[in-house]
Amino acid sequence: MTREMWDREAAVFDDEPDHGLADRATRAAWRELLIGVLPPAPARVADLGCGTGTLSRLLVDAGYDVDGLDFSPEMVRRARAKVPEARFVEGDAADPHLEGSPYDVVLSRHVLWAMSDPEAAFGRWVDLVRPGGTVVLVEGHWSTGAGLTASETEDVVRTRLTEVEVRPLADDIYWGRPITDERYLVVGRVVGRVSG
């Protein structure tokens with residue numbers, strides 16, 4: 001997908017319940033999910049492919065120190081307006097350059113599947129995380145055939161990390177509607193790295 005397409009998409013991106021988190025119950029579910037796997041605030045978080053900054057807003061509100069990156073200038077503009085307390089830069093999540101590394105957490109939602117080389121991109125993400133830190137991925141394999149299955153994503157994560165947990169996210173509360181595709185959370189702890 002092109003930068004121009006994502007710039008156009010930015011105007012309606014938050015209309016999806018899981019993007020804008022306008023519904024209190026959906027927002028609370030995401031907050032509980034993320035806080036449950038992240039180190040305590042004020043840990044430093046890199047939000048890769050941050051979109052309009054909704055997850056960044058959620059984490060800043062919970063006391064986290066957040067830097068976001070997206071390759072769409074319009075997404076970054078909207079993220080800066082939504083979360084002025086965070087820092088946002090334009091950049092490619094496949095090869096992110098953030099001045100604040102190392103981070104306690106790298107967070108990415110529905111981005112790994114779009115990488116032309118997910119394994120190489122994930123390796124660069126792990127390099128942003130300090131020892132003892134965490135990588136949190138929200139991914140899916142959609143009914144359209146796009147995306148990565150949970151086992152495919154787990155295989156990518158295990159190329160660099162040895163402590164990995166996969167959780168299905170089938171509950172409607174996360175998406176604002178019933179879903180029929182595979183959506184899941186992967187948490188990798190940077191306690192042991194595989195050479196890569």
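The values are calculated or read from the model by the stated rules, or taken from the named source; none is laboratory data. Keep in mind the model is a prediction, meaning the values are calculated, not measured. A quick note on method: Cβ atoms are made from the backbone with ideal geometry, for glycine too, and the neighbour counts reach across all protein chains shown.
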Inset, instruction - Just one of (1) over 15 Å from the mean Cα position of the chain (by Cα); (2) of a type in the set (A, V, I, L, M); (3) farther than 25 Å from Val164 by Cβ trips up Ala29, so point out which. - result: (3)
Legend entry - Scan of region 105-151 for residues that are surrounded by fewer than 21 Cβ atoms within 10 Å (Cβ to Cβ) and acidic (Asp, Glu), ordered by number: Asp117, Glu119, Asp127
Legend entry - Conditions (1) among the acidic types (Asp, Glu); (2) in a helix (DSSP H, G or I); (3) out of contact with any Lys or Arg (no Cβ under 9 Å at 6 or more places or on another chain); number of the one not met by Asp92: (2)
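For region 152-172, give me the residue count where each residue is within 18 Å of the chain's Cα centre (by Cα) and either more than 22 Å from Trp30 (Cα to Cα) or surrounded by 16 or more Cβ atoms within 10 Å (Cβ to Cβ) (or both). Lay out the reasoning, then the answer.
So in region 152-172, the residues within 18 Å of the chain's Cα centre (by Cα) come out as 152-158, 160-161, 164-170.
Applying the additional criterion that residues be either more than 22 Å from Trp30 (Cα to Cα) or surrounded by 16 or more Cβ atoms within 10 Å (Cβ to Cβ) (or both) yields 152-158, 160-161, 164, 166, 169.
Total meeting the criteria: 12.
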Inset, instruction - Filter region 60-80 down to residues that are without any contact (Cβ under 8 Å) to a residue 60 or more places away in the chain and of a type in the set (A, V, I, L, M) and give me whichever is farthest from Arg124 (Cα to Cα). - result: Ala62
Legend entry - Lone unmet requirement of (1) out of contact with any Ser or Thr (no Cβ under 7 Å at 6 or more places or on another chain); (2) part of a loop (DSSP other than H, G, I, E, B) for Ala120: (2)
Inset, instruction - Starting from region 84-98, keep only residues that are surrounded by fewer than 17 Cβ atoms within 10 Å (Cβ to Cβ), then list their pairs with residues that are at pLDDT 95 or above and in a loop (DSSP other than H, G, I, E, B) whose Cβ atoms are within a distance under 8 Å, requiring at least 6 positions of separation or different chains. - result: His97/Gly91
Inset, instruction - Please find, within region 14-53, the residue that is nearest to Asp92 (Cα to Cα) out of those that are in a helix (DSSP H, G or I), touching a residue at least 60 places away in the same chain (Cβ under 8 Å) and of a type in the set (Gly, Ala, Ser). - result: Ala29
